[in-house]
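See below for the structure under consideration.
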Amino acid sequence: MFAIYAGNILVGYSALEQGDAPMGVAFGRFLPADPYREIRRECQMNHADQSGLALTVKTSDGSTVPCKGVAILDYSNQAIVGKLVVVEANVLGIPYPLYGELFPGHVAAYERQFSKG
């Protein structure tokens, strides 16, 4: 599980269970912590540029994941009654070889697309 911060404030978590290995992108369901309520509206209204929130991602050992950007895509304000709404965390531009170290399953899934068999 990865921790997501806005500045120095922990706002939530994500397993970043999906990804695009060649692009260095990881994303997954966002699980909010209580302080998320302070930035929720911004995450709902602004999907284009959340740089003002100073979002970062940290590993379970507290190391910051270097990347080009982090976003929380919250569409819960557009939810249809009775439909499950998933808020998503996106981490863009994680450099290699670190991406492969953090997400070996994403890399393996990508490589399987090209294997013979």
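The values are calculated or read from the model by the stated rules, or taken from the named source; none is laboratory data. The model shown is predicted, which means the values in this text are computed figures rather than measured ones. Quick reminder, even Gly has a Cβ in these numbers, built from the backbone with ideal geometry, and neighbours come from all protein chains shown.
Can you spot a residue in the stretch 66-78 that is among the small types (G, A, S), within 29 Å of P95 (Cα to Cα) and part of a loop (DSSP other than H, G, I, E, B)? Reasoning before the result, please.
Here is the first cut: in the stretch 66-78, the residues among the small types (G, A, S) are 69, 71, 76.
Pick out the ones that are also within 29 Å of P95 (Cα to Cα) and you get 69, 71.
Now restrict to residues that are part of a loop (DSSP other than H, G, I, E, B): none.
Within the stretch 66-78 (the criterion being among the small types (G, A, S), within 29 Å of P95 (Cα to Cα) and part of a loop (DSSP other than H, G, I, E, B)), the answer is no, since none of the residues qualifies.
Among the residues of the stretch 6-32, write down those that are under 12 Å from V91 (Cβ atoms) and in a strand (DSSP E or B).
S14, Q18, G19, D20, V25, A26, F27, G28
So which of S63, S76 ends up being at pLDDT below 95 and not charged (D, E, K, R)?
S76 is the lone residue from the list that is at pLDDT below 95 and not charged (D, E, K, R).
Quick one: which of D49, D61 is under 16 Å from S14 (Cα atoms), free of Cβ contacts under 8 Å to residues at least 12 places away in the same chain and assigned to a loop (DSSP other than H, G, I, E, B)? Give the steps one after another, and end with the answer.
Values: D49 fails: under 16 Å from S14 (Cα atoms).
After ruling out the rest, the residue left standing is D61.
Return a yes/no flag: does the stretch 17-36 have any residue that is among the small types (G, A, S), over 30 Å from A108 (Cα atoms) and free of Cβ contacts under 8 Å to residues at least 24 places away in the same chain.
So in the stretch 17-36, the residues among the small types (G, A, S) come out as 19, 21, 24, 26, 28, 33.
Now restrict to residues that are over 30 Å from A108 (Cα atoms): 33.
Now narrow it down to the ones that are free of Cβ contacts under 8 Å to residues at least 24 places away in the same chain: 33.
Checked the stretch 17-36: at least one residue is among the small types (G, A, S), over 30 Å from A108 (Cα atoms) and free of Cβ contacts under 8 Å to residues at least 24 places away in the same chain.
Mind counting the residues in the stretch 84-98 that are out of contact with any helix residue (DSSP H, G or I) (no Cβ under 8 Å at 6 or more places or on another chain), crowded, with 19+ Cβ neighbours inside 10 Å and hydrophobic (A, V, I, L, M, F, W, C)?
Within the stretch 84-98, residues that are out of contact with any helix residue (DSSP H, G or I) (no Cβ under 8 Å at 6 or more places or on another chain), crowded, with 19+ Cβ neighbours inside 10 Å and hydrophobic (A, V, I, L, M, F, W, C) number 2.
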